[in-house]
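Report on the following structure.
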Amino acid sequence: MYFATLNPIAPWLREYMLSQGVECFSCDSTSRSQYPLGMMRLSRFLRRQQIDILHTHLFEPSVIGLSAGLLARTPVRVMTRHYSDYHTRINKNWHVRLDQLCTRLSNAVIAVSQHTAEHMIEKEFAPDSKVRAIVNGIDFDRAKVSGNDAKSRIRREFNAEESYLLLIVARLHPEKGHTYLFKALSDIRRRVNKPVRLLVAGTGPFDSDYRQQVEANGCEDIVSFLGFRKDSADLMAAADLVVLPSVAEAFGLALTEALYIGTPVVATRVGGIPEIVDDGVDGVLVPPGDSAALADAIADLLNDPARLKKMMGAGRDKVLSRFRFDNMVRAYEELYLEVARETREGADARSLGNHSHV
């Protein structure tokens, strides 16, 4: 087994993969102008190592990786789609066409939610025989809270012992809907009976813009930008609510982690999120792009301690049964074997057909 990257692999990631017995390869493409060279490097690597199954993730690595796999004649090519309607929504037609190309270059495409699968089939006209919905799974060992003191420690760190604590764990990008949460904060703090603090965990290209938005909304005193944090499980355990106001979301992994830890969520009714959150049971779903609805949902929950307490832990058993990492891995393996068998049978049939015409 090999782990490959399109861009130069981070030293810590290489070290981790090697510690797990997985060899690494990098195309070492530092810019898009180097993608053609990276594709040729990967193609040569696939041929040299006689790779049987190539599995790509994310947009640009899939475009380059699947093209390299075609050049190398790698027998089985599988892609996982981690997004659905975001790029279509902003009318990047070239992106959609490349998505369609990747589907054609794949023997099978894994959609991370039923919504993503339906989007691909209905909007991108992907053959339904190629698309398989396999939901993301979480590694429960890695989503554990560090200790019984995690909640109190995090609250002390952010001076939130006597405050309502909200948390968003997401890439700093417009598709995650941070802007709508920032706009809702003034209304939320006005309507609840205790101070409110918001922790923003994550990195991304809009860090500076979002800090300016918070300041413009007059909420810089209650918002902390944390950047990348390794202790997201502790942050979730400390929070009263985990919020994910995405305008587009193929799955929503942070929501499964929050529900596993036992923290209720407020999220948007988009993409694969309704496949994770049971509205009114373990969280509340609101329309996307609606700051007023977001403020209503959050304030109403914070002002109703009995309802909030009832939601705590209500989604844990569901996550344990439906979103297990090992179940995801087994589903991947079964798909690999199925596609490999179909590929062999197809090759045998073509071979027989060629011989019959000699």
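The values are calculated or read from the model by the stated rules, or taken from the named source; none is laboratory data. Treat the numbers as computed from the prediction; the structure is a model and nothing was measured. Neighbour counts are summed over all protein chains in view; Cβ atoms, including those assigned to glycine, are modelled from backbone coordinates with ideal geometry.
Of note:
- The residues of segment 120-140 that are in a loop (DSSP other than H, G, I, E, B) and either of a type in the set (A, V, I, L, M) or in contact with a helix residue (DSSP H, G or I) (Cβ under 9 Å, 6 or more places away or on another chain) (or both), listed by number, are Glu124, Phe125, Ala126, Pro127, Asp128, Lys130, Ile134, Val135, Asn136, Gly137, Asp139, Phe140.
- Near pairs, Cβ below 6 angstrom, 6+ apart or cross-chain, from segment 204-232 (under 28 Å from Asn148 (Cα atoms) and modelled with pLDDT of 95 or more) to any residue that is basic (Lys, Arg) and surrounded by 16 or more Cβ atoms within 10 Å (Cβ to Cβ): Ile222/Arg197
- Residue match in segment 165-179 (condition: under 22 Å from Thr116 (Cβ atoms), among the basic types (Lys, Arg) and without any contact (Cβ under 8 Å) to a residue 60 or more places away in the chain): yes
- Test: residue in segment 41-50 that is within 22 Å of the chain's Cα centre (by Cα) and either more than 26 Å from Glu249 (Cβ to Cβ) or in contact (Cβ under 8 Å) with a residue 40 or more places away in the chain (or both): no
- Looking across segment 49-64, the residues that are within 17 Å of Tyr2 (Cβ to Cβ) and either among the polar types (S, T, N, Q) or out of contact with any His (no Cβ under 9 Å at 6 or more places or on another chain) (or both) come down to Gln49, Gln50, Ile51, Asp52, Ile53, Leu54, His55, Thr56, Pro61, Ser62, Ile64.
- Screening the candidates Leu70, Leu54, Leu66, Leu46 for the property of being aliphatic (A, V, I, L, M) and surrounded by fewer than 20 Cβ atoms within 10 Å (Cβ to Cβ) yields one hit, Leu70.
- Residue in segment 275-283 that is in a helix (DSSP H, G or I), closer than 28 Å to Ala133 by Cα and of a type in the set (Asp, Glu) present: yes
- Within the option set Ala347, Ala292, being loosely packed, with under 15 Cβ neighbours inside 10 Å, over 30 Å from Asn148 (Cα atoms) and modelled with pLDDT under 95 holds for one residue only, Ala347.
- Given (1) basic (Lys, Arg); (2) crowded, with 18+ Cβ neighbours inside 10 Å; (3) over 24 Å from the mean Cα position of the chain (by Cα), number of the condition Lys176 does not satisfy: (3)
- Only one entry of Arg14, Arg73, Arg89 meets the criterion of being more than 29 Å from Thr343 (Cβ to Cβ) and modelled with pLDDT of 95 or more, and that entry is Arg14.
- Single condition Leu241 does not satisfy, out of (1) touching a helix residue (DSSP H, G or I) at 6+ places or on another chain (Cβ under 6 Å); (2) buried (at least 22 other Cβ atoms within 10 Å of the Cβ): (1)
Residue-wise test of (1) loosely packed, with under 15 Cβ neighbours inside 10 Å; (2) modelled with pLDDT of 95 or more; (3) not assigned by TED's automatic domain parsing to the domain that holds Leu185.
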| position | (1), (2), (3) |
| --- | --- |
| Glu249 | no, no, no |
| Pro287 | yes, yes, no |
| Ala306 | yes, yes, no |
| Gly313 | no, yes, no |
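- Once segment 129-145 is narrowed to residues that are surrounded by 12 or more Cβ atoms within 10 Å (Cβ to Cβ) and over 20 Å from the mean Cα position of the chain (by Cα), the residue that is farthest from Gly283 (Cα to Cα) is Lys130.
- Within segment 187-210, tally of residues that are crowded, with 16+ Cβ neighbours inside 10 Å and in contact with a strand residue (DSSP E or B) (Cβ under 8 Å, 6 or more places away or on another chain): 11
- Residue count for segment 160-198, restricted to those that are over 14 Å from Leu226 (Cβ atoms) and either touching a Ser or Thr at 6+ places or on another chain (Cβ under 7 Å) or not small (Gly, Ala, Ser) (or both): 25
- Wholly enclosed helices (runs of 4 or more DSSP H) of segment 175-266 bearing at least 1 residues more than 22 Å from Glu157 (Cα to Cα) and in contact with a Phe, Trp or Tyr (Cβ under 8 Å, 6 or more places away or on another chain): 178-191, 207-216, 253-261
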